[in-house]
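A.B. asks: Once you've had a glance at the structure underneath, I'll fire off some questions.
The values are calculated or read from the model by the stated rules, or taken from the named source; none is laboratory data. Not measured: the values here are computed from a predicted model. Every residue, glycine among them, receives a Cβ derived from its backbone with ideal geometry; neighbour counts consider all protein chains shown. The accessibility values were calculated without ligands, DNA or RNA, using every heavy atom of the protein model including side chains. Shrake-Rupley method; radii C 1.70, N 1.55, O 1.52, S 1.80 Å.
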Amino acid sequence: MIARIHRPVSAYDEIVLHVPAEVPPGGPRQQCTCTGPDEDDRISVYTFWIYANIPLPVQLGAVGTPDPSRKPPQHIGGLSLVGREELTVRWKEYPDYAEYLQSFREDTKVHFDQLLFDSLSDGIKQLLLSPVKGERPLRIWWSNEALELDDIAWEPFVFGQSRARRLSGVRGRPRGTLPPLPLLPEQPLRLAIFDPTRLAPRALHEALDGLGPGVKPIWLEEKEPRVALSRAVRAGCEGLHIVADGSVPYGVEGLLEFPGGATLSPTELISLLRGSRITLLSLSEPEEPLRCFGGPPTVFRSFARVARELDDGPTTVAQLAPIPPSELSRFWSTLYRRFAESLDVEDAFMHATPCPQRVPVVLYLRHRFGRQFVRLDRMPEIDLVSSPDAAAQLNGAAEGSAALAVTGKLLNAVVALEQRYPALKRALNSKLLLTHERERQNTLTSYLEALLAREKSP
């Protein structure tokens with residue numbers, strides 16, 4: 001028997017737009033082609049491989065590829081490959097990064113929206129303009145491996161002046177489903193806030209101080225970020241809001257930077273937060289971010305790099321350009337208040353961005369189920385992360401979720417090995433560790449399905 005990846009359980013219908021990092025060898029459909037002597041004359045063509053678990057109302061391009069050695073995976077996160085489309089970027093037509101950021105700071109309409117929309121193939125445009133209709137909300141994943149596309153808040157421009165009802169656009173790669181963590185019936189969400197020298201805009205502080213009874217702000221006064229974040233973990237906080245500057249010193253990995261010279265890398269963040277109850281991380285800029293040699297601030301590029309690298313970390317809300325002052329307080333207060341009500345960060349994000357173009361913020365999703373928390377009185381009668389020999393206690397549920405993220409990857413790796421080397425099937429499937437983990441994953445799937453059914457009931 002081949003090890004199988006367990007079916008994902010989610011409150012959302014799902015579509016994945018996957019952009020691979022590899023540049024195919026030369027040919028008429030080359031992924032990144034320089035068509036002129038100047039760097040500004042580049043025309044880059046990116047392939048979107050499209051995966052879905054529902055019928056789509058549009059005709060997509062054929063799945064075939066001119067290079068058989070570079071076939072895309074047939075499934076991503078349990079979703080099947082259904083089509084291929086393209087994104088064509090004519091870089092000379094686009095404002096440079098400094099102009100892009102300045103347009104937000106001045107609260108002016110950016111002409112990026114039409115440029116971006118014109119770059120998409122007809123199939124992608126139709127998919128975005130005519131989202132699937134159904135009882136469940138629709139989640140569109142942007143699974144991007146091309147770093148140069150990460151810095152721009154594409155989603156607000158593509159979704160336009162008004163977001164379609166029940167349409168969620170997120171970044172990341174869908175993986176196995178982790179269980180939501182339990183909350184007492186009347187327990188407020190605890191939000192740790194790290195801005196020790198109060199460099200955040202005044203509007204943000206006012207918003208965070210007035211969130212109402214559903215959210216309990218905990219201001220971290222420690223100056224050293226590792227000490228402060230460790231305190232947030234020990235306090236059992238469910239959310240963490242970090243105000244930081246940032247840089248991308250080597251052009252790839254971003255760093256969060258704090259007064260006094262302290263920095264945090266994505267690896268350190270994951271290490272500090274793994275196994276904690278912190279499932280939502282927010283990254284926002286200080287009032288006056290640093291500028292590199294008088295140029296545009298580097299903090300937003302850093303946020304994009306940090307958020308994408310937090311692969312095993314919390315779901316992350318990342319600011320990718322300045323938010324107009326008129327929107328800053330409204331966005332953050334709406335996001336957190338709604339999150340406390342629905343316990344679903346996607347639902348909260350949709351409510352906070354009814355006019356996406358005005359709020360250049362994106363969501364990197366790691367919790368696929370549809371809620372990050374569940375009230376104890378809504379939980380089915382089944383162990384949260386049960387196994388044949390031990391059931392996780394409620395105070396260990398966060399560690400159990402972290403362990404499931406690791407062991408889920410183990411099973412995915414076994415599937416890949418068995419498919420590539422059929423002779424290993426018998427040897428791998430005889431291992432008690434894998435048998436034990438399959439049983440635990442089956443129990444998890446049953447729990448999630450029961451919880452989803454309970455959520456649908458009145």
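A.B. asks: Please give the helices (runs of 4 or more DSSP H) falling wholly within the stretch 114-225 in which 1 or more residues are surrounded by fewer than 19 Cβ atoms within 10 Å (Cβ to Cβ) and not aromatic (Phe, Trp, Tyr). It would help to see each step written out before you state the result.
C.D. replies: On the way: elements: 122-129, 154-159, 202-209.
Hits in the stretch 114-225: 122-129, 202-209.
A.B. asks: Check every one of the strands (runs of 3 or more DSSP E) wholly within the stretch 278-378 and list those with 2 or more residues that are among the small types (Gly, Ala, Ser), buried (at least 22 other Cβ atoms within 10 Å of the Cβ) and in contact (Cβ under 8 Å) with a residue 12 or more places away in the chain.
C.D. replies: Numbers: elements: 280-284, 315-319, 361-364, 373-375.
The qualifying strands (runs of 3 or more DSSP E) are 280-284.
A.B. asks: When both residues are 6+ apart or on different chains and their Cβ atoms are under 7 Å apart, which pairs have a first residue that lies in the stretch 149-169 and is farther than 16 Å from residue 301 by Cα and at pLDDT 80 or above, and a second that is buried (at least 16 other Cβ atoms within 10 Å of the Cβ) and of a type in the set (Lys, Arg)?
C.D. replies: Matching pairs, first to second residue: 168/139.
A.B. asks: I'd like the full set of residues that are among the basic types (Lys, Arg) and under 13 Å from residue 277 (Cβ atoms), limited to the stretch 222-246. Lay out the reasoning, then the answer.
C.D. replies: Residues of the stretch 222-246 that are among the basic types (Lys, Arg), as a first pass: 223, 226, 231, 234.
Hit for the stretch 222-246 is 234, nothing else.
A.B. asks: Please go through the stretch 338-366 and give me each residue that is out of contact with any Asp or Glu (no Cβ under 7 Å at 6 or more places or on another chain), farther than 21 Å from residue 301 by Cα and charged (D, E, K, R), ordered by number.
C.D. replies: Result: 341, 344, 346, 347.
A.B. asks: In this structure, is residue 88 among the polar types (S, T, N, Q), closer than 22 Å to residue 145 by Cβ, touching a helix residue (DSSP H, G or I) at 6+ places or on another chain (Cβ under 6 Å) and at pLDDT 60 or above? Steps first, please.
C.D. replies: Details: among the polar types (S, T, N, Q): yes; closer than 22 Å to residue 145 by Cβ: yes; touching a helix residue (DSSP H, G or I) at 6+ places or on another chain (Cβ under 6 Å): yes; at pLDDT 60 or above: yes.
Against the criterion (among the polar types (S, T, N, Q), closer than 22 Å to residue 145 by Cβ, touching a helix residue (DSSP H, G or I) at 6+ places or on another chain (Cβ under 6 Å) and at pLDDT 60 or above), residue 88 qualifies.
A.B. asks: Residues to consider are 6, 75; find the one that is modelled with pLDDT under 60 and within 22 Å of the chain's Cα centre (by Cα). Write out each step before concluding.
C.D. replies: Numbers: 75 fails: modelled with pLDDT under 60.
Selected residue: 6, the only one of 6, 75 that is modelled with pLDDT under 60 and within 22 Å of the chain's Cα centre (by Cα).
A.B. asks: Let me ask something additional. Starting from the stretch 243-262, keep only residues that are over 21 Å from residue 202 (Cα atoms), then list their pairs with residues that are basic (Lys, Arg) and open to solvent by 20 Å² or more (accessible area, probe 1.4 Å) whose Cβ atoms are within a distance under 6 Å, requiring at least 6 positions of separation or different chains.
C.D. replies: The qualifying pairs are 248/301.
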